[in-house]
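Have a look at the structure below, then the notes.
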Amino acid sequence: MSELSIDLHWHRTGPGLQPGKYSAEHTVHYNNTHEVQVDAAPDWGGKPENTNPEQALASALSSCHMMTFLALAAKADWPVASYHDHAVAHLGKNPKGQMSVTRIDLHPVVRFDTGFSVGAKELEEMQDRAHRYCFIANTLADSVEINIL
């Protein structure tokens, strides 16, 4: 199967590595062409202008779900004109009492070419299929909710 990679770079900016007294800010490179500044979530001391791993996880899920939905829609000959999502990662304690992303909510909004429409039930079924076939959703198991608008 495929192997997909990133390069992550971090270096200490202060005199020592002491709890709560160092920066977690780092850079992630995708395909040697795209660079993203990453940090801890703001609640954990990260800079709000940087992305964080929890957002990146929500982004990965949202992107994967959309691409799976588009592939299925293309096979069904649905003329999708646009797709928008607002993904939200929820942090909390898992059943083991560990901090984790306990749930990711997707809020996809799909628009079709003028003159084409599908019923709410058909759209919900297609979103459900996209969820079942999405690689990232299959990795995360039961922590995803799809809220169709």
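Readers should treat all values here as calculations from the given coordinates under stated rules, not as data from a laboratory. All figures in this text were calculated on a predicted structure; none of them were measured in a lab. Virtual Cβ from ideal backbone geometry, glycine too; neighbours counted across all protein chains shown.
Tabulated values for the structure
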item	result
Once exposed loop chymotrypsin sites (Phe, Trp or Tyr not before Pro) are cut out (DSSP; at most 14 other Cβ, 10 Å), longest piece of the chain	11-115
Computed E for Ala56/Lys21 - FRET, C-beta separation, R0 22 angstrom, nearest 0.05	0.35
Simple spin-label estimate for Gln98 and Thr139 in nanometres, 7 Å along Cα-Cβ	1.6
Helical mean residue ellipticity (222 nm; -39500 (n - 2.57) per DSSP H run of 4+; nearest 500) of the chain	-9500 deg cm²/dmol
For the chain: relative contact order, % (alpha-carbon pairs under 8 angstrom, 6 or more apart)	17
Low-density loop cleavage sites - GluC sites (Glu not before Pro) in region 44-149, where at most 13 other Cβ are within 10 Å (DSSP)	Glu49
Residue range of the chain that is longest and free of trypsin sites (Lys or Arg not before Pro) which are both DSSP loop and sparsely packed (at most 10 other C-beta within 10 Å)	22-95
Karplus 3J(HN,Hα) series, Hz, for region 102-108 with 6.51 cos²θ - 1.76 cosθ + 1.60 (x for Gly, Pro)	7, 6, 10, 9, 9, 10, x
Burial ordering of Met67, Met1, Met99, Met126, fewest other beta-carbon atoms within 10 Å first	Met1, Met99, Met67, Met126
Per-residue Cβ neighbour rank within 10 angstrom, fewest leading, Leu8, Leu61, Leu72	Leu8, Leu72, Leu61
FRET efficiency estimate (nearest 0.05) - Cβ-Cβ, Val88 to Glu122, R0 35 angstrom	0.90
